[in-house]
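Nothing in this text is a laboratory measurement; each read-out follows from the coordinates by a stated rule. From a predicted model like this one, the values you see are computed outputs, not experimental measurements. Neighbour counts are summed over all protein chains in view; Cβ atoms, including those assigned to glycine, are modelled from backbone coordinates with ideal geometry.
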Amino acid sequence: MTSRTLRLAPWVAVTVLASGCAQVPREPLVHQPMTARADNMASMPRRANGAIFQDGPGGSALFEDRRPRNVGDILTIVISERVNASKNSGASASRTGSLAADFAGIPKLLGSLLDGQDAKLSGGNKLDAKGGANANNTFNGVITVTVVDVMRNGNLLVSGEKQMGINQGTEYIRFSGVVNPRTVSGNNTVPSTLVADARIEYTAKGYIDEAQHMGWMQRFFLNVMPF
């Protein structure tokens, strides 16, 4: 009994490790980190630069509207993505050939040996292949993100996440990209179609999401089966 248990122990260990690897969460597609905090104003020295207007962190310029321009500022992304794609391809090819050999003109010495041995060969090859694919994706929503970095040209690197717990599961909406401050509207919103390097992710976590994934043993046989 002990020897049988020792023989089964490696297989049990491999099974446990494989099942553990099957539940490893995927890394988010969006830029990390997904939030940033502005510098603490209390720890920053204040400078006297005027009797009426005081320029400093957290304040707005005298002749400019209040738009996100510093790390820690927030803005709202209006997600409106629609992608339609289709692809069709086809190929056809054909080839035929024939060969005939007549031994009537050979010398009489060999004629008796090859009498009635005329040869005819023919062959053909034909290929007709077609393929097609269609995709239609739509993503609409709203998410508020944080400025995590300000580039030298003034563009803003933004990133953010929204979590919603619904019916014993958690849904995540993540967004990151580069925003031109000039595209931000007066109500502090920008459409996702004007965001460069946009990464949008909608995923979930919970038993409902796990039920939609193939098990590790199914994936194993799917990779090793030759058909």
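Name the residues whose placed amide hydrogens come within less than 5 Å of the amide hydrogen of ALA204, ignoring near sequence neighbours (fewer than 5 apart) on the same chain.
So ALA204 has HN proximity to TYR172.
How far is it, in nm, from the label point at ASN134 to the one at GLN163 when both lie 7 Å from their Cα along the line to the Cβ?
Label at ASN134, label at GLN163, 4.0 nm between them.
If each residue's Cβ is checked for other Cβ atoms within 10 Å, how do THR76, THR138 rank with the fewest at the top?
The order, fewest Cβ neighbours first, is THR138, THR76.
What is the calculated FRET efficiency for ASN70 to THR193, with r their C-beta to C-beta distance and R₀ = 30 Å, to the nearest 0.05?
So, using R0 = 30 Å, E works out to roughly 0.75.
Go ahead and run the numbers for FRET between THR170 and LEU127, Cβ-Cβ distance against an R0 of 45 Å, rounding to 0.05.
Working from the Cβ atoms, E equals 0.35.
For region 119-165, what is Rg from Cα atoms divided by 2.2 N^0.38 Å, rounded to two decimals?
For region 119-165, the normalised Cα radius of gyration is 2.96.
Just grab the label-to-label distance for SER86 and VAL142, each label 7 Å out from Cα along the Cβ direction, in nm (one decimal).
Calculated label separation equals 3.5 nm.
Quick check for you: which residues of region 123-141 have the amide N under 15 Å from the point 7 Å beyond the Cα of ARG95 toward its beta carbon?
123-128
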